[in-house]
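Take a look at the structure below.
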Amino acid sequence: MARRLTEKRIVVASHNAGKVREINDLLHPFGLEAVSAADLNLPEPDETEDTFIGNALLKARAAARASGLPALSDDSGLAVDALDGAPGIHSARYAGPDRDFDYAMARLNRDMAASGRPERTARFICVLALVWPDGEEAAFEGKVEGEITFPPRGDHGFGYDPVFQPLGHSISFGEMDPTEKHGMSHRADAFRQLIAACLSD
C-alpha cells in the first residue's frame with residue numbers, strides 16, 4: 001500500500017516546461033502546489049539507468065534530497081515496434097542536443113523506413129515516481145497504444161505528439177484538444193494509479 005501524500009507542496013523533478021505544465025494540470029484539482037526543479041534551480045541528474053522506472057526514481061530521489069520536499073518525476077518516451085522499442089528511454093536525446101523534435105520526428109521517419117518493417121504500432125510509456133525526503137518511494141507505469149503517422153499533424157502538445165495517433169482515433173495527439181489528450185494519455189494512466197494509491201480518500 002503506497003503512502004498517502006498529505007503535503008500541499010511538491011517539486012516536479014523536471015526542466016521540461018511542457019511536461020511540467022501537463023503535470024500541474026493533473027495535480028491542480030487536488031489542491032497541490034507544484035514547483036519545478038527549474039524554479040528551484042536544482043541540477044538535472046544524469047539519467048544513467050536503462051529503464052523508465054530506474055530513471056524516474058533517480059530524478060525524484062535527487063530532487064527530494066535537494067529540496068526537502070516530496071518529489072514527483074516522470075520518465076517517459078515513445079516505443080516504436082519497428083525499431084525494437086526505440087527511441088524508448090532515449091526519446092529526448094533522440095531529438096539531439098537542442099531537443100529539436102522536428103528533427104526527431106524526421107529522424108524517426110527515416111529510421112522506420114530504413115528498418116524495412118511495415119508495422120506502424122507504437123506506444124507512449126510513462127513512469128511516475130514519487131519520493132519523500134525520508135526515502136519512502138512509489139512508482140506507477142502508464143501506457144497508451146497507437147501508431148506512428150507521417151507527416152506530423154497538429155500543433156498541440158509537445159515532443160512526438162504530432163506523429164502519434166492513439167488507438168481508436170483518427171487524429172494525432174498533436175491535433176487533439178489538450179483536455180481530451182490529458183484524459184487518455186500515458187501520463188494520465190500513470191496519474192490515475194498514483195491518485196488511487198496516494199491521493200484518494
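The values are calculated or read from the model by the stated rules, or taken from the named source; none is laboratory data. Since the model is a prediction, treat every value here as computed from it, not as a measurement. Cβ sites come from the backbone with ideal geometry, for glycine too, and all protein chains shown count toward neighbours. Quick note on the areas: whole protein, heavy atoms, side chains included, nothing else; ligands and nucleic acids left out. Shrake-Rupley method; radii C 1.70, N 1.55, O 1.52, S 1.80 Å.
When you look at R107, is it outside any loop (DSSP other than H, G, I, E, B) and in contact (Cβ under 8 Å) with a residue 40 or more places away in the chain, yes or no? So R107 does not fit the description; no. For the range 30-85, the candidate set comprises residues that are surrounded by 24 or more Cβ atoms within 10 Å (Cβ to Cβ) and in a loop (DSSP other than H, G, I, E, B); within that set, the residue that is modelled with the lowest pLDDT is A37. Among the candidates D98, D75, the residue that is free of Cβ contacts under 8 Å to residues at least 24 places away in the same chain, under 26 Å from V35 (Cβ atoms) and not hydrophobic (A, V, I, L, M, F, W, C) is uniquely D98. Might you check whether a residue that is in contact (Cβ under 8 Å) with a residue 40 or more places away in the chain and among the polar types (S, T, N, Q) occurs anywhere in the range 171-186? Looking for residues that are in contact (Cβ under 8 Å) with a residue 40 or more places away in the chain and among the polar types (S, T, N, Q), one finds at least one in the range 171-186, hence yes.
Residues of the range 129-182 that are over 25 Å from R107 (Cα atoms) and in a loop (DSSP other than H, G, I, E, B): W132, P133, D134, G135, E136, G168, D177. Look at (1) under 14 Å from the mean Cα position of the chain (by Cα); (2) among the polar types (S, T, N, Q); (3) open to solvent by 10 Å² or more (accessible area, probe 1.4 Å) and you find that S91 fails only one, number (3).
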